[in-house]
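Step one of this worksheet: look at the structure below.
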Amino acid sequence: PFRFGLIWARGLVPAPPLLALPPRSSDSARAAMSAAQRAANAALRRVAGRAIARAPRASRGGAVTDALSWGRPLLAQVSGTRSAGSARLSEDPTIVRKNAFKAAIRPQPGQRRQIGLWTGLRSTLVAEMISHASSLDWFVIDMEHSPNEIGDVLLQLQVSQRGGAEPVVRVPWNEPVVTKRVLDLGAQSIIFPWVNSAEEARQAVAATRYPGHGGVRGVMSLARMNNYGSQNPHYYREAADQICNIVQIETAEAVANIEEIAAVDGVDALFIGPSDLSASLGHIGNPGHPEVKAKIEEAFRRITATGKASGFLTANQADAKWALQLGCNFVAVGSDVQMLTASVKSAAADFHAFCEKL
């Protein structure tokens, strides 16, 4: 919901929150919701208006709050009919946030491939822009090769999880401590680097699940992940179903073990890391080497055969399209650092060349 400032009953007070469909909803969903939206918004305005008119000037802010608390069940009821494809948080704080990205990358007939971006600038503005304005489907908050720390991850999750692009956190390593902290912040999609065997894949999954549900994740009673406790009593039992576990295939050993890794319960996707894979094959800095590309193509074919989703990262558009043609389900088509660097260098070169001709 959005809150607008309006003039109410001779005083400037916040208007009730307006119900708005997510921008990625279909035309048919918007048409179906329009009447409900108008009715809900009109009802909230009427209630708030009556409350303000009856209240002394000094207590009008409280009157608005009381009116809105009455109206929230109506908002929740109507917003529950939002399109299933929306990645936005549920308006109902008592249920676990649905991970639309996890559902979207699952291989299925007619699947819409998910296009994303890597980020390493530790910027809330970048995270907010990607999630709310870019039309991308997902993006990575990188903790392995970027200066993102726990506090940075929290802020980027806060500005992005109500948007249209899923924030996927790459933890620094396949271990349970940082993973636990990232999950407690509310992250629901995790990339684990350098997973080379089925046993390492099991360790990754265990870090995201609670004891009694196949894991070793520490139990925190009041945190962002469960709406600070009392409102979300089912989180501990239901969290695993909405957590997307992505393991990175970055070595020749990992490629050799694709089938065993994919068979681990709780592994949702296998993500090919071309830079480390090229180094593993003796071609560091050259992910376009024919041997590396042949190994990547083999990996995609074998991942597809397992029924699990496959992911890929490249700043080369031709390679991104090549991966999609090979059946890759979700591709990061560059990074914020790479795109900014390329744009700045190009602009500098163009204008220096122009100035030399003056």
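Contact order, relative form, for region 100-343: 19 percent (alpha carbon pairs under 8 Å, 6 or more residues apart, mean separation divided by residue count). Taking 7 Å along the Cα-to-C-beta vector as the label spot, tell me the S221-V177 distance in nanometres, rounded to one decimal. Each label point is offset 7 Å from its Cα along the Cβ direction, giving 2.5 nm.
In this view, the solvent-accessible surface of T304, computed with a 1.4 Å probe and all protein chains in place, comes to about 80 Å². Rolling a 1.4 Å probe over the protein heavy atoms of region 222-358, with every protein chain left in place, gives an accessible area that is 56 percent carbon and sulfur.
Region 192-294: which chymotrypsin sites (Phe, Trp or Tyr not before Pro) are DSSP loop and have at most 16 other beta-carbon atoms within 10 angstrom? Passing both the DSSP loop test and the Cβ count: W194, Y228. Amide H to amide H distances under 5 Å link R170 with I141, D142, M143, I191, where only residues 5 or more positions off or on other chains count and H is placed in the peptide plane. Over 32 Å between Cα atoms: which of K180/K308; K98/K345; K98/K293; K102/K293; K102/K321; K321/K345 fall into that group? Going by Cα-Cα distance, K98/K345; K98/K293 fall outside the 32 Å limit.
Each residue of region 222-229 was assigned a 3J(HN,Hα) from its phi angle through the Karplus expression (A = 6.51, B = -1.76, C = 1.60, θ = phi - 60°), giving 10, 7, 5, 5, 10, 6, 6, x Hz with x at Gly and Pro. Per-residue surface analysis assigns M339 an accessible area of about 80 Å², computed on protein heavy atoms at 1.4 Å probe radius.
The values are calculated or read from the model by the stated rules, or taken from the named source; none is laboratory data. Here the structure is a predicted model, which is why all the values come from computation and not from measurement. A quick note on method: Cβ atoms are made from the backbone with ideal geometry, for glycine too, and the neighbour counts reach across all protein chains shown. These area figures cover heavy atoms from the full protein model, side chains too; ligands, DNA and RNA do not enter into them. Shrake-Rupley method; radii C 1.70, N 1.55, O 1.52, S 1.80 Å.
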